[in-house]
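Here is the structure we will look at.
The values are calculated or read from the model by the stated rules, or taken from the named source; none is laboratory data. The structure presented is a predicted model; accordingly, all values stated were derived computationally and were not measured. Because the Cβ atoms are built from the backbone with ideal geometry, glycine has one as well, and the counts that use them run over all protein chains shown. The accessibility values were calculated without ligands, DNA or RNA, using every heavy atom of the protein model including side chains. Shrake-Rupley method; radii C 1.70, N 1.55, O 1.52, S 1.80 Å.
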Amino acid sequence: MRSADVGEFRAKRPPTEYRRPTDKEWSDFQEHFDKRKVELGFCGRPYGTPCAHEHACIRCPMLSINPKMLPRLDELETDLLTRRQRAIDEGWRGEVEGLDLTLRFLRSKRTQAHRAAAAGRVDLGMPTRSRHRPGHGA
């Protein structure tokens, strides 16, 4: 989308949709991002949405692994493999299936983290509230 298109789009919308957020709204918005930091990295679920996976993060497609946590993924994999072997020994077929699924997600997340580490990350920082934003009223 061209920037001219954005301006035309905004011109068609009610000005109240572009009002300044209240201090409470801004605080809630910033808190959203603070709550997205988890043990293994960062949860990318959208603003204002609850965790639909009950914090089963390793299986969640919204989890981005911090490359610094790759050794922790190795520890988790070792534990999952031990648990899987016990499930096999005990004949817990449903448990084996669940652990296999978790292992697939873990390995996929590891691959993504290696890719991200190789590409490097850009820290955009936390947004700040400015006194005046051009084009957004007083």
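Of note:
- Some residue of segment 92-109 being within 14 Å of ASN66 (Cβ to Cβ) and either without any contact (Cβ under 8 Å) to a residue 12 or more places away in the chain or in contact with a strand residue (DSSP E or B) (Cβ under 7 Å, 6 or more places away or on another chain) (or both): yes
- Residue pairs meeting the criteria (Cβ under 7 Å; at least 6 apart or on separate chains; first under 14 Å from PHE42 (Cβ atoms), in segment 115-129; second of a type in the set (A, V, I, L, M, F, W, C) and open to solvent by 60 Å² or more (accessible area, probe 1.4 Å)): MET126/PHE33
- Identity of the residue in segment 86-96, part of a helix (DSSP H, G or I) and either more than 16 Å from ALA56 (Cα to Cα) or in contact with a Pro (Cβ under 7 Å, 6 or more places away or on another chain) (or both), that ends up most open to solvent (accessible area, probe 1.4 Å): ARG93
- Within segment 58-85, considering residues that are outside any helix (DSSP H, G or I) and surrounded by 12 or more Cβ atoms within 10 Å (Cβ to Cβ), the one farthest from the chain's Cα centre (by Cα): ASN66
- Lone unmet requirement of (1) over 30 Å from THR128 (Cβ atoms); (2) without any contact (Cβ under 8 Å) to a residue 12 or more places away in the chain for PRO50: (1)
Matching residues to (1) outside any loop (DSSP other than H, G, I, E, B); (2) closer than 22 Å to GLU77 by Cβ; (3) touching a Gly at 6+ places or on another chain (Cβ under 9 Å); (4) modelled with pLDDT under 85:
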{"position": "PHE9", "(1), (2), (3), (4)": "yes, no, no, yes"}
{"position": "THR16", "(1), (2), (3), (4)": "yes, no, no, yes"}
{"position": "ARG20", "(1), (2), (3), (4)": "no, no, yes, yes"}
{"position": "LYS24", "(1), (2), (3), (4)": "yes, no, no, no"}
{"position": "PHE42", "(1), (2), (3), (4)": "yes, yes, no, no"}
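- Residue within segment 28-37 that is under 20 Å from ALA117 (Cα atoms), open to solvent by 60 Å² or more (accessible area, probe 1.4 Å) and either assigned to a helix (DSSP H, G or I) or at pLDDT below 85 (or both) present: yes
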